[in-house]
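For reference, the structure discussed in these notes is given below.
No lab work stands behind these numbers, since they all come straight from the coordinates. These numbers come from a predicted model, not from an experiment. Positions of Cβ are generated from backbone atoms using ideal geometry, with glycine treated the same way; all protein chains shown enter the neighbour counts.
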Amino acid sequence: MFERFTESARRIIFWSRAVAELALDNAIRPEHLLAGVYLEHPEVFGAFGLNSADLPLSTRVDLDRLKSVAELQPTKELPLSEDSRRVLRLASDQAQQVKVKSVGGVQILSALCHAVPRLRDALRQAGLTESLLALLAAKYAVAETQELRRAAHAFANEIISGSRAGIAYDLHRLEAGRKLVLGGVEIPFAKGPVGHSDGDVLSHAICDALLGAAGLGDIGAHFPDTDPKWKGADSRIFLEHVRNLLEEMSLTISHVDAVVITEQPKLRPHIPAICERLAEVLKVELNQINVKAKTNEGVDAIGRGEAIACHAVATLEGPLPGLEDLDDFEDESVN
Ligand code: MG
């Protein structure tokens with residue numbers, strides 16, 4: 001199993017054996033492997049303000065008080081526990097998956113987090129969030145070998161993934177003689193929204209919620225209403241543009257929910273067509289879109305029929321912020 005292990009990975013196992021022996025344990029457990037990973041590059045952990053006391057090492061050995069790792073000389077052959085064997089097998093498989101020839105400490109660190117939930121939970125409790133852990137792995141890979149950076153990126157991509165939500169609100173004044181378009185569907189009514197584009201309040205709110213979830217600002221920044229290009233524009237263009245931006249960031253839409261507030265007309269009969277159109281433009285399934293309609297019970301400008309408004313919430317899945325920092329590490333190592 002160890003043929004493809006780098007010198008560094010072999011040293012990690014050597015340190016972990018010595019730590020297990022000092023801890024009077026009868027096998028090398030995942031906690032000892034983590035201690036080995038730490039001892040191989042304590043400076044990387046130090047860069048994140050972590051020392052051995054912060055890590056769930058469960059050993060009675062104060063690693064930071066060792067004058068040098070050379071003090072750690074195992075005297076007996078200790079077996080790897082079943083958990084540790086699983087970790088090292090997974091480390092090897094993970095390297096293979098991302099077509100990295102050698103198995104280094106970064107795969108051992110990644111496998112420890114994947115294969116041993118108690119370690120991952122303990123690391124999280126120690127303040128090592130998924131993003132930090134991924135950054136740690138990336139920096140660790142840089143300290144180790146250049147080839148392992150690719151593996152660290154794959155690990156980071158996977159571990160930093162999660163969901164995020166965006167919220168939005170839009171309102172347009174209603175005027176007689178204008179077209180009323182909601183979610184790209186034209187609805188017969190005597191009034192329509194005043195706006196630079198087609199004034200599709202639902203599409204605008206959904207764009208903003210999606211942009212918000214992706215951390216990309218708001219619709220005004222992407223399609224300024226001072227730009228004549230967007231005069232009378234079909235808001236489908238905005239939705240398509242936002243969808244492409246999300247695709248570029250490897251973000252997928254989990255769900256969109258919206259509530260359109262208008263006194264008139266009755267929107268309920270149009271909602272199926274609106275949802276279908278939105279699902280088609282955003283390239284999602286129909287059950288990922290939900291649109292509701294409300295009146296304002298005759299209260300304020302919306303209640304008097306002078307305006308139409310919409311609230312929307314969107315959730316996305318994909319890489320969370322933090323990968324930009326990984327690229328910094330990559331640059332550092334190239335210089
Ligand atoms: Mg608007």
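At-a-glance table
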{"read-out": "Extreme residue, positive dipole direction of the range 15-133, given options Leu112, Gln73, Pro56 (C-beta unit charges)", "value": "Leu112"}
{"read-out": "Length gained when the stretch Arg268-Asn287 is fully extended (0.36 nm per residue, less Cα-Cα span)", "value": "5.2 nm"}
{"read-out": "Cβ-derived FRET efficiency at R0 30 Å, Asp54 paired with Arg89, nearest 0.05", "value": "0.65"}
{"read-out": "Among Ala137, Ala18, Ala53, residue whose mean-square fluctuation peaks in a GNM of the chain (springs only between Cα atoms under 10 Å)", "value": "Ala53"}
{"read-out": "Options Leu180, Thr6, His255, ranked by Cα towards positive dipole end of the chain, top entry (Cβ charges)", "value": "His255"}
{"read-out": "Cβ-Cβ FRET estimate between Gln125 and His196, R0 fixed at 51 Å, reported to 0.05", "value": "0.50"}
{"read-out": "Shape category assigned to the chain from the gyration tensor of Cα positions, a/c cut at 1.5", "value": "prolate"}
{"read-out": "Cross-link reach list, aspartates and glutamates versus Lys294, counting only Cα pairs under 17 Å and skipping chain neighbours closer than eight places", "value": "Asp170, Asp200, Asp257, Glu263, Glu306"}
{"read-out": "The chain, relative contact order in percent, only Cα pairs under 8 angstrom and at least six apart counted", "value": "17 percent"}
{"read-out": "Contour minus Cα-Cα distance for Glu175 and Arg65 (0.36 nm per residue)", "value": "32.0 nm"}
{"read-out": "Simple Cβ-charge dipole of the range 162-318, Lys/Arg +1 and Asp/Glu -1, about Cα centre, in debye nearest 20", "value": "360 debye"}
{"read-out": "Magnitude of the charge dipole, the chain, Cβ model with Lys/Arg +1 and Asp/Glu -1, debye to 20", "value": "700 debye"}
{"read-out": "Stretch gain in nm, segment Asn26-Asp227, where the contour uses 0.36 nm per residue and the Cα spacing is subtracted", "value": "65.2 nm"}
